[in-house]
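Below: the structure, in structure tokens.
The values are calculated or read from the model by the stated rules, or taken from the named source; none is laboratory data. Everything numeric here is computed off the predicted structure, so don't read it as measured data. Cβ placement follows ideal geometry from the backbone for every residue including glycine, while neighbour counts extend to all protein chains displayed. With ligands, DNA and RNA removed, areas are computed over all heavy atoms of the protein, side chains included. Shrake-Rupley method; radii C 1.70, N 1.55, O 1.52, S 1.80 Å.
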Amino acid sequence: MKIEMPIPTEEEQQRSQRCKQLIEDEIYRNQRPISFERYMQLCLYAEKIGYYESASEIFGSKGDFTTSPEQSSFFAAAFAEHIDKIKHQLDAFSIIEIGAGSGKFAADLIQAMKCNGCIPQRYYIVEKSAELRQRQKVYLSGFQFECDIEWLEDLTTPINCAVVIANEVLDALPVTLVSVENNKISERCVSVDDGGEFQFVDMPPANHLSEIMRQRLPKAVLNRAGGPYQCDVNLLLDDFIEQIASFVNQGIFFYIDYGYARSEYYHEQRSMGTLICHYRHVANEQPLLWPGLQDISCNVDFTALAEASVRGGLNVNSYSTQAHFLLASNALEKVMTNNQDVMVLEKQAEIKRLIMPTEMGERFQVMVLTKNTEFTPEQFTIRDMLHRL
């Protein structure tokens, strides 16, 4: 089915052309195709012209997609309730938010925690994008908070005790693309065709990539005939998880994202992988279109996340849907109790979008991890799905 795409403005097209030229120059300089991982890195994070580094609107109705915190402050309220339940089991703690988006989640969470009488020592925002850091500072400057907020480009100083929250962060890590047919594995790279446009080309894979895919892919996929099976793999996940874990001496880690357990992620019928692009709220599968203007993301292999976490010294506490995680908090009960007569339909609709199976409730998954502290899975979900990993 052909998707009708919005047309970028002339200014956007010029910026995309600059991003395209940057990528072309690297291809020609190396005299060979570049990995899709590198292509995605440049599209999203190239200075001033990458998707997350430009001045364009990203989040909400005026942007390209809407995250859970943008949908409703209920999302942050649920986290505040979960944190309130476990605060007595933690030493004096700070919050570390990885990738803070517009800053709305930080504002909602700090305010909700204040209502619970649970103020963190400090609120750290780890934000790679200089553009987003500036936007967050402007947005959050309009609030009065009882804890200091500190922005970091990377974690460099150990933190004794922390609650780490990463919502829709892992899906933005650049991924490697793979093609499989008749037990042959190839890496899908990006080159330039004779007409000057980007194209995919299959290249021999590095040994470590071939080994990883043979471990993860089912035999039915490896031996597939009649057309290539295309999929994706996040080779940056281990380092990302380990780096964050290594700077926290004691704590709890919440990773929220859309994705699947491995058996679903590499299902035989998912033959085109999980890569998805968004431009002005239109989803498409054309990552080579308008580099720098589209969000490019990939679903999360939660089995890989669990494995990476264990290698990074973390314990896997629970794995559940976003709906089961949110409903395990007392937030919904509080909202209904406090707003029985005045809760407007709009607020109800916002919450439903977060928890309904047909909306974000099942599409998004939550993995809870711990370090040097223990909690029961029932504290964070009404239905743990660890057995599915």
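Solvent-accessible area of region 62-193 (1.4 angstrom probe, protein heavy atoms only): carbon and sulfur portion equals 44 percent. Each part reduced to its alpha carbon centroid, region 233-255 and region 83-135 end up 17 Å apart. Computed from label points 7 Å out along Cα-Cβ, the spacing between Thr373 and Glu268 is 4.5 nm.
With the simple model of a label 7 Å out from the Cα in the direction of the Cβ, Val192 to Arg363 spans 3.6 nm. Based on Cα contacts under 8 Å between residues 6+ apart, region 116-223 shows a relative contact order of 19 percent. Amide H contacts of Gly259: Val300, Gln365, each under 5 Å away and 5 or more positions distant or on a separate chain (H built 1.01 Å from N in the peptide plane; Pro and chain starts excluded). Taking a cut-off of 20 Å between Cα atoms, list the lysines near Lys219, but don't count ones fewer than 8 places away on the same chain. Counting by Cα, and skipping residues close in sequence, Lys219 has these lysines nearby: Lys184. Exposure here means at most 11 other Cβ atoms within 10 Å; with trypsin sites (Lys or Arg not before Pro) in a DSSP loop as sites, the longest stretch of the chain lacking them is 63-389.
Its convex hull of Cα atoms gives the chain a direction-averaged projected area, equal to a quarter of the hull surface, of 20.2 nm². Overall, the accessible surface of region 261-386 at a probe of 1.4 angstrom is composed of carbon and sulfur to the extent of 50 percent. For the chain, modelled as a GNM whose springs connect Cα atoms under 10 angstrom apart, the maximal fluctuation among Ile86, Ile276, Ile119 occurs at Ile86. Please determine, in degrees from 0 to 90 and to the nearest 10, the orientation of helix 10-30 with respect to the longest principal axis defined by the Cα atoms of the chain, where the helix direction is its Cα long axis. The angle comes out near 60 degrees. Loop-resident GluC sites (Glu not before Pro) (DSSP state other than H, G, I, E or B) in region 116-214 with no more than 12 further Cβ atoms inside 10 Å of their Cβ: Glu146, Glu153, Glu197. Under the combined filter of DSSP loop state and at most 13 neighbouring Cβ atoms within 10 Å, region 49-158 retains these chymotrypsin sites (Phe, Trp or Tyr not before Pro): Phe143. To the nearest 10 degrees, how steep is helix 74-86 against the longest Cα principal axis of the chain, on a 0 to 90 scale? Relative to the chain, helix 74-86 is tipped by roughly 60 degrees. The per residue volume of the convex hull around the alpha-carbon atoms of region 119-236 is 192 Å³. Between Ala283 and Asn182, the modelled label-to-label distance comes to 3.4 nm, taking each label 7 Å out from Cα in the direction of the beta carbon. Compared with the dominant principal axis of the Cα atoms in the chain, helix 345-355 is inclined by about 60°. Pairs from the list Lys48/Lys347; Lys48/Lys334; Lys20/Lys347; Lys62/Lys114; Lys87/Lys128; Lys85/Lys352 with a Cα-Cα gap above 32 Å: Lys48/Lys347; Lys48/Lys334; Lys20/Lys347. Per residue, the chain exposes 45 Å² of solvent-accessible protein surface, assessed with a 1.4 angstrom probe and all protein chains in place.
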